[in-house]
Structure formats: structure tokens, C-alpha cells
Amino acid sequence: MNFAEAETLAERAVAVQAMVEDVPSPCSSVCRMDRLSGFCEGCLRTIPEIVGWSRMEDETRRHVWRAIELRAKAGIWRAPDGTSDTGDRHA
């Protein structure tokens, strides 16, 4: 994930939180877990959030989206040295 992707994901998260029902999945079909952060590199969810998604009520899904928004805005998807788990440097 890069800064532009994180910004887009955060913007989508804000829009989704206003939805009353049929909250969409944040999955972007990247489906690769970052070993340092523990988040999916495509949607910034944890494994429990991914596994439990299909059984979640819409309110809980909105809470997950809020967490995704905060993660994206905080940049916690990046390794502490500014690189991704694959070594790509994020400027």
C-alpha cells in the first residue's frame, strides 16, 4: 500500500460509515498480510476482521471501517523505517 492508496481507502471508509445497511466489504483482492503490522496490505483489516466479516452486523462492519480509516490516516500500515514489508520505500 502506498500513501495514495491509503488516502483513497480512508476516504472510502468515511463514505461507508454513513451507510445504514448493506455495508460493503473493504476487500480490494490484494489479500496479503503484512507480517510487521498484522494488517492486510489491501484493506488494512486484521485476520479476525477478515474471517468474521460475513457474520458481522452492519453496525460492527461500520466499526471495522472506522478502524480502517484510522489505520490509513495514521500510516500504521508502514514499517517503522518507512518501508513496506517487501522493502519498498514509501515517500
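The values are calculated or read from the model by the stated rules, or taken from the named source; none is laboratory data. Keep in mind it's a predicted model, so treat the numbers as computed, not measured. Cβ atoms come from the backbone with ideal geometry, glycine included; neighbour counts cover every protein chain shown.
The residues on offer are Leu44, Leu36, and the sole one that is under 17 Å from Ile76 (Cα atoms) and either at pLDDT 95 or above or surrounded by fewer than 12 Cβ atoms within 10 Å (Cβ to Cβ) (or both) is Leu44. Quickly run through region 36-65 and pick out the residues that are of a type in the set (Gly, Ala, Ser), without any contact (Cβ under 8 Å) to a residue 12 or more places away in the chain and assigned to a loop (DSSP other than H, G, I, E, B). Once the filter is applied, which keeps residues that are of a type in the set (Gly, Ala, Ser), without any contact (Cβ under 8 Å) to a residue 12 or more places away in the chain and assigned to a loop (DSSP other than H, G, I, E, B), region 36-65 yields only Gly38. Restricting to region 3-36, name every residue that is farther than 23 Å from Ser54 by Cβ and either in contact with an Asp or Glu (Cβ under 8 Å, 6 or more places away or on another chain) or small (Gly, Ala, Ser) (or both). Scanning region 3-36 gives Ala4, Ala6, Ala10, Val14, Arg35, Leu36. Taking the condition surrounded by fewer than 17 Cβ atoms within 10 Å (Cβ to Cβ) and at pLDDT 95 or above, does Glu49 pass? Criteria not met by Glu49.
Is at least one residue of region 75-91 modelled with pLDDT of 90 or more and crowded, with 18+ Cβ neighbours inside 10 Å?
Taking region 75-91 and keeping what is modelled with pLDDT of 90 or more, we get none.
So far as region 75-91 goes, no, none of its residues is modelled with pLDDT of 90 or more and crowded, with 18+ Cβ neighbours inside 10 Å.
Contact map, region 1-29: residues that are among the β-branched types (Val, Ile, Thr) paired with residues that are part of a loop (DSSP other than H, G, I, E, B), Cβ distance under 8 Å, separation 6+ or inter-chain. Pairs shown: Val16/Val23; Val16/Pro24; Val16/Pro26.
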